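The values are calculated or read from the model by the stated rules, or taken from the named source; none is laboratory data. Please read these numbers as outputs of a predicted model, since none were measured by experiment. Methodologically, a virtual Cβ is constructed for each residue, glycine included, from the backbone with ideal geometry; neighbour enumeration extends over all protein chains shown.
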Amino acid sequence: MQLRNKDPYFSNGKILSSVSTKPSDVALDAFEIFSDVNALDSHIFSGIQGVERDVIGWFGRILKNSEISGYITTGGTEANITALWAAKKIYPKRNEIIVPKSAHYSIQKAADLMGLKIRWAGIDNRFRADPNDIKKKINGNTLAVVATAGTSALGVIDPVEEINEFCEDTFFHVDAAFGGFMIPFLKGYPTIDFTLKNLDSITIDPHKMGISLIPAGSVLFRDNSYLKRLELCPPYLSFRTYTLSGSRSGGSIASVWAAIKYYGIGGYRKIAEDCIKNTKFLCNELGEIKGVSLITEPELNIVGIKVSGPDRAYRALKRRGWKISLDSDTNSLRIVVMPHVTERVIREFVSDLGDIVSRGLQKNSRILRKSFS
Ligand SMILES: Cc1ncc(COP(=O)(O)O)c(C=O)c1O
């Protein structure tokens, strides 16, 4: 416990820069029960395959696709790499991927591993991928187009429906690692499911807004032909495998199963709505502080805050115990309003930020007065 206590707990509320949260008790219990199960060894642990099929089937219902296939990965990084690996199997001769600048850096890892060239697509003034730029960049060498539904920095949803329209001759992957447990459950949000006719694969991470525990991501494909292309049969084993990782935690799969059974669609909708409500509350409170503004109106529960002297504000907040991050692209404080970020926590944070910013403003005006006197 002494060792664990060196790091903070989600329950103390001051963790504002994590895309994970305290996992639900049912997920923890399930993890423990299945903690000795290796999902790779399907010849030994065949039961866990049924559990995983159940989970993927559930995603199929959420994403409106009864043919869905996929598996529980270690996280969004593995899921994104696997999606592009499958793309490479379909188009082995192509080697360019079109990626908006706001995409998660795991796409760069995938490109590096597979020797792919990234053609960076622009983003608009709301930090959304520019569909016209993507369209212009598509050519005969385009292996895949990547869009994000809930960017890591600002929670922005790329115009997935528009991009889908011109991806008929290329692989189309949507990284919804963060947004995937929110967007399908919220009213009035864009479609990010398999009714998009050119969508090949999607990443959705249970260990983020799915309230499951690390490690648990997922890669989901339109049908089972994609994973078939990745299949290998290790000579010393009597089964076939298609996953990027070898040994896989049965505990992870079971914890996702338990969480989706426990929360269901209604439970996840409530969690998503509460996070959006708290995000709006945070934005309103920030509006009351002089010298503070938003980088952009948040679509999900990630907020970019513009302050004068962001580095100083960041350091001062850290000294007061806040675990936040500074986004270097926008030079803004990045806050993720996860379920543990309650109204009480937000009030405390805004009060600290207000104090820090007003001290900064006073200091600046003293310096100005001095230099004019
Ligand atoms: C949009 C997006 N994709 C992928 C990832 C990578 O997920 P992981 O850290 O689980 O590998 C993240 C992580 O924050 C993310 O925000």
When THR342 is run through (1) over 22 Å from the mean Cα position of the chain (by Cα); (2) surrounded by fewer than 17 Cβ atoms within 10 Å (Cβ to Cβ); (3) touching a residue at least 24 places away in the same chain (Cβ under 8 Å); (4) at negative phi, the failure sits at (1)
ILE305 vs. criteria buried (at least 18 other Cβ atoms within 10 Å of the Cβ), of a type in the set (A, V, I, L, M) and touching a helix residue (DSSP H, G or I) at 6+ places or on another chain (Cβ under 6 Å):
no
Which listed residue is assigned by TED's automatic domain parsing to the domain that holds LEU28, aliphatic (A, V, I, L, M), at pLDDT 95 or above and not in a loop (DSSP other than H, G, I, E, B), from LEU220, LEU213:
LEU220
Just give me the residues in the stretch 306-352 being within 30 Å of ARG269 (Cα to Cα) and assigned to a helix (DSSP H, G or I), in sequence order.
GLU343, ARG344, VAL345, ILE346, ARG347, GLU348, PHE349, VAL350, SER351
Selected residue (criterion: nearest to TYR242 (Cα to Cα)) from residues of the stretch 2-40 that are among the acidic types (Asp, Glu) and free of Cβ contacts under 8 Å to residues at least 40 places away in the same chain:
ASP25
Being of a type in the set (D, E, K, R) and either in contact with a Leu (Cβ under 6 Å, 6 or more places away or on another chain) or within 15 Å of the ligand (Cβ to nearest atom) (or both) is true for just one of ASP169, ASP223, ASP200, ASP193. Which residue is that?
ASP193
Would you call ILE183 more than 16 Å from the ligand (Cβ to nearest atom), among the β-branched types (Val, Ile, Thr) and farther than 22 Å from ASP133 by Cβ?
no
Is it the case that ALA272 is assigned by TED's automatic domain parsing to the domain that holds HIS207, among the small types (Gly, Ala, Ser), surrounded by 16 or more Cβ atoms within 10 Å (Cβ to Cβ) and farther than 23 Å from PRO8 by Cβ?
no
Candidate set from the stretch 50-76 (those that are in a loop (DSSP other than H, G, I, E, B) and away from the ligand (no atom under 16 Å from the Cβ)); member that is nearest to TYR189 (Cα to Cα)
LEU63
Residue within the stretch 23-36 that is assigned to a helix (DSSP H, G or I), within 16 Å of the ligand (Cβ to nearest atom), modelled with pLDDT of 95 or more and aromatic (Phe, Trp, Tyr) present:
no
